[in-house]
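The structure under discussion appears below in the form of C-alpha coordinates.
The values are calculated or read from the model by the stated rules, or taken from the named source; none is laboratory data. Only a predicted model underlies this, so the values are computations on that prediction, with no experimental measurement involved. Please note: Cβ atoms are built from the backbone with ideal geometry, for glycine as well, and neighbour counts cover all protein chains shown.
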Amino acid sequence: MNPSADDSEPRLPQRHPAFQELTFDGDQLVAVILDGDGAALPVRAACHALGLDPRYQLQRLREHDVLVTGLREVRMPQGGKLQVVVAILSRYLPFWLATVTPSQVSATMRPKLVRYQTELVDVLNRLYGDELAPDRPASPDLAVAVLERRLDDLLVELRLTRELLREQRSTEVAQDERLDSLETAVDDLQQQVLQHTVVTSAQQEVLKRAIKRIAVRYQQRTGIERYALLFAQFCKTMGTPRYDALPAHQYEQALDWIEAQARALLPDDPDALPSRQERLL
(Lines give C-alpha, C1' and ligand atoms only; values in the text may rest on other atoms or scores of the structure.)
Protein backbone atom coordinates (compact mmCIF):
# COMPACT_ATOMS: atom_id res chain seq x y z
CA MET A 1 0.00 0.00 0.00
CA ASN A 2 1.15 3.53 -0.75
CA PRO A 3 2.59 4.99 2.47
CA SER A 4 0.61 8.20 1.96
CA ALA A 5 -2.70 6.35 1.84
CA ASP A 6 -5.05 5.91 4.80
CA ASP A 7 -3.93 3.42 7.44
CA SER A 8 -5.71 0.16 6.53
CA GLU A 9 -5.40 -1.91 9.72
CA PRO A 10 -7.55 -3.94 10.11
CA ARG A 11 -7.93 -4.89 6.45
CA LEU A 12 -11.11 -3.69 4.77
CA PRO A 13 -12.87 -4.92 1.59
CA GLN A 14 -11.17 -3.48 -1.50
CA ARG A 15 -13.17 -2.47 -4.58
CA HIS A 16 -12.46 -1.02 -8.05
CA PRO A 17 -14.94 1.85 -8.26
CA ALA A 18 -16.11 4.59 -10.60
CA PHE A 19 -15.91 8.22 -9.50
CA GLN A 20 -18.03 11.35 -9.76
CA GLU A 21 -17.06 14.86 -8.73
CA LEU A 22 -19.73 16.93 -7.00
CA THR A 23 -20.03 20.22 -5.15
CA PHE A 24 -21.80 20.12 -1.79
CA ASP A 25 -22.08 23.07 0.60
CA GLY A 26 -19.17 24.75 -1.15
CA ASP A 27 -16.90 21.69 -0.91
CA GLN A 28 -15.49 19.85 -3.90
CA LEU A 29 -15.96 16.15 -3.18
CA VAL A 30 -15.32 12.97 -5.15
CA ALA A 31 -18.06 10.40 -4.66
CA VAL A 32 -17.37 6.72 -5.25
CA ILE A 33 -19.71 4.17 -6.85
CA LEU A 34 -19.15 0.56 -5.77
CA ASP A 35 -20.86 -2.21 -7.69
CA GLY A 36 -23.22 -3.97 -5.29
CA ASP A 37 -22.66 -1.44 -2.47
CA GLY A 38 -23.88 1.85 -3.91
CA ALA A 39 -22.42 5.29 -3.25
CA ALA A 40 -19.59 6.03 -0.81
CA LEU A 41 -17.55 9.04 0.31
CA PRO A 42 -13.84 9.10 1.22
CA VAL A 43 -13.60 9.56 4.99
CA ARG A 44 -10.54 11.81 4.83
CA ALA A 45 -12.23 14.22 2.40
CA ALA A 46 -15.33 14.47 4.61
CA CYS A 47 -13.13 15.11 7.67
CA HIS A 48 -11.21 17.89 5.94
CA ALA A 49 -14.47 19.53 4.84
CA LEU A 50 -15.78 19.53 8.43
CA GLY A 51 -12.54 20.36 10.20
CA LEU A 52 -12.27 16.93 11.85
CA ASP A 53 -9.12 14.94 12.59
CA PRO A 54 -9.03 12.19 9.91
CA ARG A 55 -6.79 9.81 11.88
CA TYR A 56 -8.96 10.03 14.98
CA GLN A 57 -12.18 9.55 13.01
CA LEU A 58 -10.79 6.57 11.07
CA GLN A 59 -9.75 4.95 14.34
CA ARG A 60 -13.25 5.48 15.81
CA LEU A 61 -14.89 4.05 12.69
CA ARG A 62 -12.70 0.93 12.73
CA GLU A 63 -13.40 0.35 16.42
CA HIS A 64 -17.19 0.65 16.03
CA ASP A 65 -18.90 -2.73 15.57
CA VAL A 66 -21.56 -1.35 13.21
CA LEU A 67 -19.77 1.46 11.35
CA VAL A 68 -16.73 -0.68 10.47
CA THR A 69 -19.02 -2.79 8.26
CA GLY A 70 -19.70 0.31 6.16
CA LEU A 71 -16.01 1.00 5.37
CA ARG A 72 -14.38 0.10 2.05
CA GLU A 73 -10.83 0.51 0.71
CA VAL A 74 -10.89 2.02 -2.78
CA ARG A 75 -8.20 3.02 -5.25
CA MET A 76 -8.60 6.66 -6.28
CA PRO A 77 -6.57 8.90 -8.57
CA GLN A 78 -4.61 11.43 -6.53
CA GLY A 79 -1.74 13.50 -7.85
CA GLY A 80 -1.59 11.48 -11.06
CA LYS A 81 -1.37 8.16 -9.16
CA LEU A 82 -3.77 5.60 -7.80
CA GLN A 83 -3.81 5.60 -4.01
CA VAL A 84 -5.79 3.46 -1.56
CA VAL A 85 -8.19 5.45 0.64
CA VAL A 86 -10.92 4.48 3.07
CA ALA A 87 -14.48 5.37 2.05
CA ILE A 88 -17.73 5.01 3.99
CA LEU A 89 -20.94 3.83 2.31
CA SER A 90 -23.56 6.57 2.00
CA ARG A 91 -26.15 4.76 4.12
CA TYR A 92 -23.71 4.84 7.08
CA LEU A 93 -22.96 8.58 6.77
CA PRO A 94 -25.78 9.85 9.05
CA PHE A 95 -24.90 7.24 11.70
CA TRP A 96 -21.21 8.21 11.65
CA LEU A 97 -21.82 11.97 11.65
CA ALA A 98 -24.40 11.57 14.43
CA THR A 99 -21.55 10.28 16.64
CA VAL A 100 -19.55 13.48 16.06
CA THR A 101 -20.16 15.65 19.13
CA PRO A 102 -20.46 19.44 18.69
CA SER A 103 -17.25 19.91 20.70
CA GLN A 104 -15.30 18.17 17.91
CA VAL A 105 -16.07 20.96 15.42
CA SER A 106 -15.87 24.73 15.69
CA ALA A 107 -18.99 26.79 16.29
CA THR A 108 -18.88 28.06 12.69
CA MET A 109 -18.75 24.48 11.40
CA ARG A 110 -21.76 23.16 13.36
CA PRO A 111 -24.46 24.31 10.88
CA LYS A 112 -22.40 22.70 8.12
CA LEU A 113 -22.18 19.44 10.11
CA VAL A 114 -25.99 19.41 10.34
CA ARG A 115 -26.27 19.86 6.56
CA TYR A 116 -23.83 16.99 6.01
CA GLN A 117 -25.84 14.83 8.43
CA THR A 118 -29.22 15.54 6.85
CA GLU A 119 -28.69 16.36 3.17
CA LEU A 120 -25.57 14.68 1.78
CA VAL A 121 -27.04 11.17 1.56
CA ASP A 122 -29.95 12.49 -0.54
CA VAL A 123 -27.47 14.19 -2.88
CA LEU A 124 -25.51 10.94 -3.32
CA ASN A 125 -28.69 8.95 -3.93
CA ARG A 126 -29.86 11.42 -6.56
CA LEU A 127 -26.45 11.33 -8.18
CA TYR A 128 -26.41 7.58 -8.70
CA GLY A 129 -30.08 6.63 -8.62
CA ASP A 130 -31.99 4.24 -6.40
CA GLU A 131 -31.20 1.26 -8.61
CA LEU A 132 -27.56 1.36 -7.51
CA ALA A 133 -28.31 1.27 -3.79
CA PRO A 134 -28.13 -2.20 -2.20
CA ASP A 135 -31.50 -3.60 -1.15
CA ARG A 136 -30.97 -3.90 2.60
CA PRO A 137 -33.30 -3.05 5.48
CA ALA A 138 -32.36 -0.13 7.67
CA SER A 139 -30.38 -1.18 10.73
CA PRO A 140 -32.34 -0.87 13.99
CA ASP A 141 -29.04 0.19 15.58
CA LEU A 142 -28.99 3.19 13.22
CA ALA A 143 -32.52 4.26 14.18
CA VAL A 144 -31.74 3.98 17.88
CA ALA A 145 -28.45 5.91 17.53
CA VAL A 146 -30.14 8.83 15.72
CA LEU A 147 -32.91 8.96 18.33
CA GLU A 148 -30.45 8.78 21.22
CA ARG A 149 -28.29 11.55 19.69
CA ARG A 150 -31.36 13.80 19.38
CA LEU A 151 -32.38 12.89 22.93
CA ASP A 152 -28.91 13.85 24.23
CA ASP A 153 -29.14 17.21 22.45
CA LEU A 154 -32.55 17.89 23.93
CA LEU A 155 -31.38 16.98 27.44
CA VAL A 156 -28.50 19.47 27.12
CA GLU A 157 -30.87 22.15 25.88
CA LEU A 158 -33.27 21.33 28.72
CA ARG A 159 -30.50 21.79 31.32
CA LEU A 160 -29.40 25.10 29.79
CA THR A 161 -32.98 26.37 29.69
CA ARG A 162 -33.43 25.56 33.37
CA GLU A 163 -30.26 27.51 34.22
CA LEU A 164 -31.40 30.43 32.10
CA LEU A 165 -34.79 30.36 33.82
CA ARG A 166 -33.15 30.78 37.23
CA GLU A 167 -31.09 33.75 35.98
CA GLN A 168 -33.79 35.57 34.05
CA ARG A 169 -36.95 35.64 36.15
CA SER A 170 -38.25 38.58 34.11
CA THR A 171 -38.98 36.16 31.25
CA GLU A 172 -40.46 33.47 33.50
CA VAL A 173 -43.65 32.85 31.52
CA ALA A 174 -41.91 32.42 28.17
CA GLN A 175 -39.21 30.24 29.67
CA ASP A 176 -41.79 28.04 31.40
CA GLU A 177 -43.50 27.46 28.08
CA ARG A 178 -40.18 26.53 26.46
CA LEU A 179 -39.35 24.26 29.39
CA ASP A 180 -42.68 22.46 29.07
CA SER A 181 -42.10 22.03 25.33
CA LEU A 182 -38.64 20.58 25.87
CA GLU A 183 -39.84 18.20 28.58
CA THR A 184 -42.59 16.97 26.25
CA ALA A 185 -40.08 16.46 23.46
CA VAL A 186 -37.76 14.55 25.80
CA ASP A 187 -40.62 12.31 26.94
CA ASP A 188 -41.63 11.64 23.34
CA LEU A 189 -38.09 10.73 22.31
CA GLN A 190 -37.62 8.50 25.33
CA GLN A 191 -40.75 6.63 24.30
CA GLN A 192 -39.41 6.30 20.74
CA VAL A 193 -36.12 4.91 22.05
CA LEU A 194 -38.07 2.38 24.13
CA GLN A 195 -40.04 1.36 21.02
CA HIS A 196 -36.72 0.47 19.33
CA THR A 197 -35.24 -1.30 22.38
CA VAL A 198 -35.95 -4.97 23.06
CA VAL A 199 -35.77 -6.88 26.34
CA THR A 200 -32.37 -7.95 27.60
CA SER A 201 -31.12 -11.53 27.27
CA ALA A 202 -31.66 -12.00 31.00
CA GLN A 203 -35.26 -10.81 30.72
CA GLN A 204 -35.80 -13.13 27.74
CA GLU A 205 -34.63 -16.03 29.88
CA VAL A 206 -37.03 -15.06 32.70
CA LEU A 207 -40.00 -15.09 30.32
CA LYS A 208 -39.00 -18.39 28.71
CA ARG A 209 -38.38 -20.17 32.01
CA ALA A 210 -41.62 -18.90 33.52
CA ILE A 211 -43.72 -20.22 30.63
CA LYS A 212 -41.84 -23.52 30.64
CA ARG A 213 -42.36 -23.84 34.40
CA ILE A 214 -46.11 -23.46 34.02
CA ALA A 215 -46.16 -25.95 31.15
CA VAL A 216 -44.12 -28.57 33.03
CA ARG A 217 -46.21 -28.34 36.22
CA TYR A 218 -49.41 -28.40 34.18
CA GLN A 219 -48.26 -31.53 32.32
CA GLN A 220 -47.30 -33.22 35.60
CA ARG A 221 -50.86 -32.71 36.85
CA THR A 222 -52.87 -33.38 33.69
CA GLY A 223 -50.57 -35.30 31.36
CA ILE A 224 -51.20 -32.65 28.67
CA GLU A 225 -48.26 -30.91 26.95
CA ARG A 226 -48.95 -27.16 27.06
CA TYR A 227 -45.75 -25.26 26.22
CA ALA A 228 -46.30 -24.84 22.46
CA LEU A 229 -49.80 -23.47 22.98
CA LEU A 230 -48.68 -21.14 25.79
CA PHE A 231 -45.83 -19.79 23.68
CA ALA A 232 -48.16 -19.22 20.70
CA GLN A 233 -50.66 -17.39 22.92
CA PHE A 234 -47.84 -15.30 24.42
CA CYS A 235 -46.59 -14.25 20.97
CA LYS A 236 -50.10 -13.36 19.79
CA THR A 237 -50.97 -11.38 22.92
CA MET A 238 -47.66 -9.48 23.03
CA GLY A 239 -47.50 -8.98 19.25
CA THR A 240 -44.03 -10.51 18.97
CA PRO A 241 -42.71 -13.48 16.95
CA ARG A 242 -40.27 -14.58 19.69
CA TYR A 243 -38.93 -13.70 23.12
CA ASP A 244 -35.90 -11.69 21.91
CA ALA A 245 -38.08 -9.38 19.78
CA LEU A 246 -40.30 -8.23 22.67
CA PRO A 247 -40.03 -4.43 23.16
CA ALA A 248 -38.51 -3.54 26.54
CA HIS A 249 -41.49 -1.42 27.57
CA GLN A 250 -43.75 -4.52 27.34
CA TYR A 251 -41.71 -6.58 29.80
CA GLU A 252 -43.93 -5.84 32.84
CA GLN A 253 -47.03 -6.49 30.73
CA ALA A 254 -45.56 -9.86 29.71
CA LEU A 255 -44.97 -10.79 33.36
CA ASP A 256 -48.57 -9.87 34.18
CA TRP A 257 -49.82 -12.11 31.37
CA ILE A 258 -47.71 -15.07 32.55
CA GLU A 259 -48.95 -14.66 36.11
CA ALA A 260 -52.55 -14.66 34.83
CA GLN A 261 -51.87 -17.93 32.96
CA ALA A 262 -50.43 -19.50 36.11
CA ARG A 263 -53.51 -18.53 38.12
CA ALA A 264 -55.86 -19.84 35.43
CA LEU A 265 -54.10 -23.17 34.76
CA LEU A 266 -52.75 -23.91 38.25
CA PRO A 267 -55.01 -22.01 40.66
CA ASP A 268 -54.08 -24.11 43.70
CA ASP A 269 -50.34 -24.24 42.97
CA PRO A 270 -48.55 -21.45 44.89
CA ASP A 271 -45.23 -22.49 43.32
CA ALA A 272 -46.40 -22.25 39.72
CA LEU A 273 -44.17 -19.18 39.46
CA PRO A 274 -41.46 -17.68 41.65
CA SER A 275 -42.32 -14.36 43.26
CA ARG A 276 -41.98 -11.36 41.00
CA GLN A 277 -39.33 -9.94 43.30
CA GLU A 278 -37.07 -12.87 42.39
CA ARG A 279 -37.68 -12.23 38.69
CA LEU A 280 -37.03 -8.51 38.60
CA LEU A 281 -33.76 -7.79 36.77
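Condition check ((1) closer than 26 Å to LEU154 by Cβ; (2) over 21 Å from the mean Cα position of the chain (by Cα)) across all residues:
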{"position": "ASP37", "(1), (2)": "no, no"}
{"position": "LEU52", "(1), (2)": "yes, yes"}
{"position": "LEU67", "(1), (2)": "yes, no"}
{"position": "ARG72", "(1), (2)": "no, no"}
{"position": "LEU82", "(1), (2)": "no, yes"}
{"position": "LEU89", "(1), (2)": "no, no"}
{"position": "ARG110", "(1), (2)": "yes, yes"}
{"position": "GLN117", "(1), (2)": "yes, no"}
{"position": "LEU120", "(1), (2)": "yes, no"}
Selection from segment 21-41 of residues closer than 22 Å to PRO111 by Cα and part of a loop (DSSP other than H, G, I, E, B) yields ASP25, GLY26
Scan segment 117-136 residue by residue and report those that are of a type outside the set (Lys, Arg) and either part of a loop (DSSP other than H, G, I, E, B) or at pLDDT 85 or above (or both).
-> GLY129, ALA133, PRO134, ASP135
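Tell me, yes or no, whether segment 72-89 has at least one residue that is out of contact with any strand residue (DSSP E or B) (no Cβ under 9 Å at 6 or more places or on another chain) and either closer than 19 Å to LEU120 by Cα or acidic (Asp, Glu) (or both).
No: zero hits.
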Has segment 212-224 got at least one residue that is at pLDDT below 95 and on the phi > 0 side of the Ramachandran plot?
-> yes
Close pairs from segment 254-271: first within 14 Å of ARG221 (Cα to Cα), partner at pLDDT 90 or above, Cβ under 7 Å, at least 6 apart | ALA262/ILE214; LEU265/ILE214; LEU265/TYR218; LEU266/ILE214; LEU266/ARG217; LEU266/TYR218; ASP269/ARG217
Residue in segment 10-23 that is closer than 25 Å to GLU148 by Cα and at pLDDT 80 or above present = no
Report yes if GLU225 is in a helix (DSSP H, G or I) and surrounded by fewer than 17 Cβ atoms within 10 Å (Cβ to Cβ), otherwise no.
-> no
So, of the residues in segment 16-50 that are in contact with a helix residue (DSSP H, G or I) (Cβ under 7 Å, 6 or more places away or on another chain) and charged (D, E, K, R), which turns out to be nearest to TYR116 (Cα to Cα)?
-> ASP25
Looking only at segment 252-281, count how many residues are assigned to a helix (DSSP H, G or I) and at pLDDT below 90.
-> 4
